[in-house]
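Each remark here refers to the structure printed beneath this line.
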Amino acid sequence: MRARQHLNAEQVRENTKKIKAHLKIASINIKGRGAESISHAKHKWREIYGLMLRNKIAILAVQETHLSLTQVTEINQSWFGKKLLVFNTIDPDHTNAAGTAIVLNRDLVNANMAKVYYIVPGRALCLKIPWYKNDTLTILVTYAPNDSMTSNKLFWELLTDEWLKTMLPVPDIFLGDHNLVEEGFDRTTGKADNYEATAAFVTFKSLFIMKDGWRKYNPDTREFTHTHWGPNGQATMSRLDRIYLREDLIKYSRSWEISDELGELTDHRLVLATILTPGLPYQGPGRYTIRPFILDNSQLITELMDLCIAASQSMETCLTSSQRTEGYNPQVIHEKLKADIIKTERAFSKKFIGTAKAKIESLQLKKKDMLKAMVGENEQEATEIAKIQVEINKASSHLRSTRAANSRLRKELEDDGVTKSSVSYMKEQKTRDMIMMLKAQDWTPEHKSYARRSDEMTEIARTYHASTQEDESE
């Protein structure tokens with residue numbers, strides 16, 4: 001197998017997009033577009049737009065797009081294209097079936113330097129983008145046939161031949177709706193799929209030494225991404241939608257997730273993962289911040305003001321009565337105030353989010369417990385779990401609809417004027433340059449040591465600036 005490709009010197013100069021500390025990737029089968037035009041309120045790609053911006057998804061693979069070339073052009077030339085860029089492949093003979101796409105977030109990746117490879121019309125699409133230093137990131141998205149296991153097998157054999165016989169780039173990420181599982185554990189029936197089709201799939205992914213990241217981090221967990229309802233009212237579930245990473249990239253991944261966020265938009269669930277940029281310094285969890293939307297709650301603001309007034313009075317008393325001690329001083333009072341503010345805000349957030357999210361979390365916990373208790377093939381248990389998934393989807397759709405309605409209302413109110421959010425929307429969201437390392441404080445020409453943790457680099461910067469302020473030399 002040929003080596004992975006890199007950017008040449010000229011391409012490195014052209015790649016002015018700053019490096020993000022991480023890239024979030026995702027895949028979803030949306031089961032059609034929902035409407036003819038993006039201007040229609042029920043067009044599913046409006047939901048895709050909100051999903052990617054809200055969750056800061058850099059790369060999204062989409063299956064069953066059902067988009068013609070004209071419809072893709074319309075989407076890219078609309079308001080959608082200001083933030084996102086769609087690459088789509090469709091079967092010209094069946095434009096209302098299949099369809100595979102890769103969507104890039106312009107704020108998070110260099111979409112203008114993307115190079116696309118159309119491999120199997122409507123079924124397979126490969127895309128290469130600049131990534132870290134002179135490295136590239138190659139993404140392969142597939143939507144395998146589901147009409148028969150013979151078609152599925154032939155599809156994977158076709159892809160294997162394409163990569164062995166042509167100069168296609170080597171994928172780093174392989175994701176999509178594969179319409180088969182590698183092991184029976186990923187179906188509620190417990191039965192493995194057709195051996196020949198599975199073998200053809202394994203042979204293809206083995207060309208690139210790919211690993212199923214979700215299964216690696218959840219070796220004993222049962223979760224499913226698709227529910228099929230039979231004519232008898234019984235349900236079977238399977239994990240058809242999966243993300244594979246090349247083996248040496250797995251260690252830089254985290255936050256593998258199967259999400260219910262899209263609810264009833266489709267009968268598949270969203271799968272996500274985050275890839276860290278190799279070589280980046282260790283970064284801590286950061287500081288807690290109050291969520292902006294909760295600050296509109298007047299009752300919360302009143303309680304926070306009372307806390308601040310009480311803390312201010314305690315500080316004044318401490319300073320004027322000479323009662324300052326190691327355990328009672330303005331610094332200690334201020335620290336306690338911050339802890340009380342966070343505790344109060346968290347309590348209000350749980351109430352403010354409302355019953356919809358609480359219901360979703362309760363149902364998800366119930367489903368998780370049932371999946372843990374599920375042993376072997378049990379059609380009745382699988383159906384009960386599927387019914388819970390239906391309830392989760394309904395609640396998620398209600399939450400999503402409320403969010404969308406609030407967003408539309410805000411847009412209507414701001415359309416006639418220049419506001420902070422409207423100006424921000426039109427601007428490219430530039431990322432900051434990442435400081436990879438700093439010289440350690442004990443650095444010498446003979447002993448060159450570097451700090452690569454964010455907390456250690458912060459301390460070096462703090463010490464440097466403190467010494468600069470104390471330096472009285474001219």
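Before we move on, is T225 within 24 Å of the chain's Cα centre (by Cα), of a type in the set (S, T, Y) and surrounded by 20 or more Cβ atoms within 10 Å (Cβ to Cβ)?
Yes, satisfied.
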Checklist entry - Taking the stretch 270-285 as the search range and keeping residues that are in contact with a Ser or Thr (Cβ under 9 Å, 6 or more places away or on another chain) and open to solvent by 20 Å² or more (accessible area, probe 1.4 Å), which one is modelled with the highest pLDDT? => result L276
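Being modelled with pLDDT of 80 or more and open to solvent by 80 Å² or more (accessible area, probe 1.4 Å) is the filter; apply it to the stretch 345-373 and report the residue that is nearest to the chain's Cα centre (by Cα). Talk me through it step by step, then tell me what you get.
Restricting attention to the stretch 345-373, the residues satisfying the condition of being modelled with pLDDT of 80 or more are 345-348, 359-373.
Then drop every residue that is not open to solvent by 80 Å² or more (accessible area, probe 1.4 Å), which leaves 346, 359, 361, 365-366, 368-369, 372.
On the way: R346: 24, K359: 23, E361: 19, L365: 22, K366: 24, K368: 21, D369: 25, K372: 26 Å.
In this case the residue turns out to be E361.
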Item to check | Cβ-Cβ under 6 Å pairs, at least 6 apart or on other chains, the stretch 204-216 side of a type in the set (G, A, S), far side in a helix (DSSP H, G or I) and open to solvent by less than 10 Å² (accessible area, probe 1.4 Å) | outcome: G213/I250
Next on the checklist: Checking L137 against (1) under 21 Å from W256 (Cβ atoms); (2) at pLDDT below 95; (3) in a loop (DSSP other than H, G, I, E, B); (4) not polar (S, T, N, Q): exactly one of these is not met. Which one?
Outcome noted: (3)
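Working only within the stretch 173-188, note down all residues that are farther than 20 Å from G99 by Cβ and surrounded by 18 or more Cβ atoms within 10 Å (Cβ to Cβ).
Scanning the stretch 173-188 gives V181, D186, R187, T188.
Can you tell me how many residues in the stretch 162-172 are open to solvent by 70 Å² or more (accessible area, probe 1.4 Å) and without any contact (Cβ under 8 Å) to a residue 24 or more places away in the chain?
1
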Checklist entry - Taking only pairs six or more apart or across chains, which ones have beta-carbon atoms under 7 Å, a first residue in the stretch 329-340 that is of a type in the set (A, V, I, L, M, F, W, C), and a second residue that is open to solvent by less than 90 Å² (accessible area, probe 1.4 Å)? => result I333/A311; I333/S314; I333/M315; I333/C318; L337/L307; L337/C308; L337/A311
Checklist outcome for this item: So, first residue of a type in the set (G, A, S) in the stretch 123-146, second residue in a strand (DSSP E or B), Cβ within less than 6 Å, six or more apart or across chains; the pairs are A124/T142
Next on the checklist: Exactly one condition in (1) at pLDDT 90 or above; (2) within 20 Å of T266 (Cβ to Cβ) is false for L69; which is it?
Outcome noted: (2)
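Answer yes or no as to whether E247 is at negative phi and either in contact (Cβ under 8 Å) with a residue 40 or more places away in the chain or within 18 Å of the chain's Cα centre (by Cα) (or both). Lay out the reasoning, then the answer.
Values: at negative phi: yes; either in contact (Cβ under 8 Å) with a residue 40 or more places away in the chain or within 18 Å of the chain's Cα centre (by Cα) (or both): no.
Spelling it out, it is not the case that E247 is at negative phi and either in contact (Cβ under 8 Å) with a residue 40 or more places away in the chain or within 18 Å of the chain's Cα centre (by Cα) (or both).
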Checklist outcome for this item: Residue pairs qualifying under the 7 Å Cβ cut-off, at least six apart or on distinct chains, with the first in the stretch 82-97 being at pLDDT below 95 and part of a loop (DSSP other than H, G, I, E, B) and the second being of a type in the set (D, E) and surrounded by fewer than 21 Cβ atoms within 10 Å (Cβ to Cβ), are K83/D107; A97/D91
Checklist outcome for this item: Those residues of the stretch 431-474 which are exposed (fewer than 10 other Cβ atoms within 10 Å of the Cβ) and modelled with pLDDT under 75 amount to R432, D433, Q469, E470, D471, E472, S473, E474
Next on the checklist: Here is a list: T166, T203, T198. Which entry is farther than 24 Å from V103 by Cα, in contact with a Ser or Thr (Cβ under 9 Å, 6 or more places away or on another chain) and among the β-branched types (V, I, T)?
Outcome noted: T203
Checklist entry - Out of curiosity, is E264 touching a helix residue (DSSP H, G or I) at 6+ places or on another chain (Cβ under 6 Å), in contact (Cβ under 8 Å) with a residue 40 or more places away in the chain and open to solvent by 90 Å² or more (accessible area, probe 1.4 Å)? => result yes
Checklist entry - Can you find a residue in the stretch 337-344 that is within 30 Å of E456 (Cα to Cα), surrounded by 10 or more Cβ atoms within 10 Å (Cβ to Cβ) and of a type in the set (D, E)? => result yes
Next on the checklist: Taking the criterion of being among the aliphatic types (A, V, I, L, M), at pLDDT 85 or above and within 30 Å of T221 (Cα to Cα), would at least one residue in the stretch 374-382 satisfy it?
Outcome noted: yes
Next on the checklist: Can you say whether T198 is open to solvent by less than 40 Å² (accessible area, probe 1.4 Å) and touching an Asp or Glu at 6+ places or on another chain (Cβ under 7 Å), as far as the supplied structure shows?
Outcome noted: yes
Next on the checklist: Can you pull out every residue in the stretch 243-260 that is of a type outside the set (K, R) and either at pLDDT below 90 or farther than 26 Å from E361 by Cβ (or both)?
Outcome noted: Y244, L245, E247, D248, L249, I250, Y252
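The values are calculated or read from the model by the stated rules, or taken from the named source; none is laboratory data. Model, not experiment: these values are computed from the prediction. Positions of Cβ are generated from backbone atoms using ideal geometry, with glycine treated the same way; all protein chains shown enter the neighbour counts. Accessible surface areas use protein heavy atoms only, side chains included; no ligands, DNA or RNA. Shrake-Rupley method; radii C 1.70, N 1.55, O 1.52, S 1.80 Å.
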